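Trainee: Provided herewith is a single structure, encoded as structure tokens, for subsequent inquiry.
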Amino acid sequence: CQALERLGVEYRDHGVDNDSESCDYPDKAAEIAAKVQDGTYWRGIVIDGAGIGSSIVANKFYGIRAGLVYDTLTATNARAHNNVNMITLGGQYLGLKVVEEIVRIFIQTEFEGGRHQRRIDKIQLIDQEGRK
């Protein structure tokens, strides 16, 4: 949250209040994905144990392109090439500095378009077909 504050990004924290409090990541990932899907949120970030399950859940929502990001290179690729609107992070495996840098990249990196747009269009078609 401090990284978002330093970037001047308004955010809403849907997390737990302490490390000992249990949380079911599918519920939180679905909650965030729904908010991104309906336009309430511009983008979404979910940090859980490994980030894998939250990515799976978020990608069940039509129009969501959630990427499991684990370093600055995948964060850049996720935004620049895949135009992700959500990222998921494995908090058990990433240090605070890495998380902060990934968040900065996710917020500040623009989609490159060009040849990547053709691929995003294909992803959207697959997403639409999957709804049938």
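Trainee: For region 75-82, check the following and say yes or no: at least one residue is modelled with pLDDT under 95 and open to solvent by less than 90 Å² (accessible area, probe 1.4 Å).
Mentor: Of the residues in region 75-82, the ones modelled with pLDDT under 95 are none.
Scanning region 75-82 turns up no residue that is modelled with pLDDT under 95 and open to solvent by less than 90 Å² (accessible area, probe 1.4 Å).
Trainee: In addition: Within the group 117, 128, which residue is open to solvent by 60 Å² or more (accessible area, probe 1.4 Å), at pLDDT 95 or above, more than 24 Å from residue 3 (Cβ to Cβ) and over 10 Å from the mean Cα position of the chain (by Cα)? Step through it out loud before you land on a result.
Mentor: Working: 128 fails: at pLDDT 95 or above.
None of the other options fit; the residue is 117.
Trainee: Within region 48-63, how many residues are surrounded by 16 or more Cβ atoms within 10 Å (Cβ to Cβ) and more than 10 Å from residue 29 (Cβ to Cβ)?
Mentor: Counting residues in region 48-63 that are surrounded by 16 or more Cβ atoms within 10 Å (Cβ to Cβ) and more than 10 Å from residue 29 (Cβ to Cβ) gives 1.
Trainee: What number of residues in region 38-47 are surrounded by 18 or more Cβ atoms within 10 Å (Cβ to Cβ) and more than 18 Å from residue 102 (Cβ to Cβ)?
Mentor: The number of residues fulfilling the criteria is 0.
Conditions tested, residue by residue: (1) in contact with a strand residue (DSSP E or B) (Cβ under 8 Å, 6 or more places away or on another chain); (2) of a type in the set (Asp, Glu); (3) part of a helix (DSSP H, G or I); (4) under 21 Å from residue 45 (Cβ atoms).
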site: 101; (1), (2), (3), (4): no, yes, yes, yes
site: 107; (1), (2), (3), (4): no, no, yes, yes
site: 118; (1), (2), (3), (4): no, no, yes, no
site: 121; (1), (2), (3), (4): no, yes, yes, no
site: 124; (1), (2), (3), (4): no, no, yes, no
site: 129; (1), (2), (3), (4): no, yes, yes, no
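Trainee: Only one of these conditions is not met by residue 92: (1) free of Cβ contacts under 8 Å to residues at least 40 places away in the same chain; (2) part of a loop (DSSP other than H, G, I, E, B); (3) open to solvent by 80 Å² or more (accessible area, probe 1.4 Å). Which number is it?
Mentor: The one condition residue 92 does not meet is (1).
Trainee: Please verify whether residue 24 is surrounded by 13 or more Cβ atoms within 10 Å (Cβ to Cβ), out of contact with any His (no Cβ under 7 Å at 6 or more places or on another chain) and at pLDDT below 95, treating the condition exactly as stated. Reasoning before the result, please.
Mentor: Details: surrounded by 13 or more Cβ atoms within 10 Å (Cβ to Cβ): no; out of contact with any His (no Cβ under 7 Å at 6 or more places or on another chain): yes; at pLDDT below 95: yes.
Against the criterion (surrounded by 13 or more Cβ atoms within 10 Å (Cβ to Cβ), out of contact with any His (no Cβ under 7 Å at 6 or more places or on another chain) and at pLDDT below 95), residue 24 does not qualify.
Trainee: Which of the following residues is hydrophobic (A, V, I, L, M, F, W, C), more than 17 Å from residue 4 (Cα to Cα), touching a strand residue (DSSP E or B) at 6+ places or on another chain (Cβ under 6 Å) and outside any loop (DSSP other than H, G, I, E, B): 50, 33, 29?
Mentor: 29
Trainee: Let me ask something else. Can you find, within region 95-114, the residue that is farthest from residue 62 (Cα to Cα) among those that are of a type in the set (Asp, Glu) and open to solvent by 60 Å² or more (accessible area, probe 1.4 Å)?
Mentor: Step one: filter region 95-114 for residues of a type in the set (Asp, Glu), giving 100-101, 110, 112.
Retained after the next criterion (residues that are open to solvent by 60 Å² or more (accessible area, probe 1.4 Å)): 101, 110, 112.
Details: 101: 28, 110: 21, 112: 22 Å.
Of everything passing the filter in region 95-114, 101 is farthest from residue 62 (Cα to Cα).
Trainee: Hey, residue 4 hits all of (1) open to solvent by less than 60 Å² (accessible area, probe 1.4 Å); (2) in a loop (DSSP other than H, G, I, E, B) but one; which does it fall short on?
Mentor: That leaves (2) as the condition not met.
Trainee: Here is a list: 32, 52. Which entry is modelled with pLDDT of 95 or more and touching a His at 6+ places or on another chain (Cβ under 7 Å)?
Mentor: Working: 52 fails: touching a His at 6+ places or on another chain (Cβ under 7 Å).
Criteria check complete, one pass: 32.
The values are calculated or read from the model by the stated rules, or taken from the named source; none is laboratory data. Fair warning: this is a prediction, and the values are worked out from it, not measured in the lab. Backbone-built Cβ (ideal geometry, glycine too); neighbour counts: all protein chains shown. Quick note on the areas: whole protein, heavy atoms, side chains included, nothing else; ligands and nucleic acids left out. Shrake-Rupley method; radii C 1.70, N 1.55, O 1.52, S 1.80 Å.
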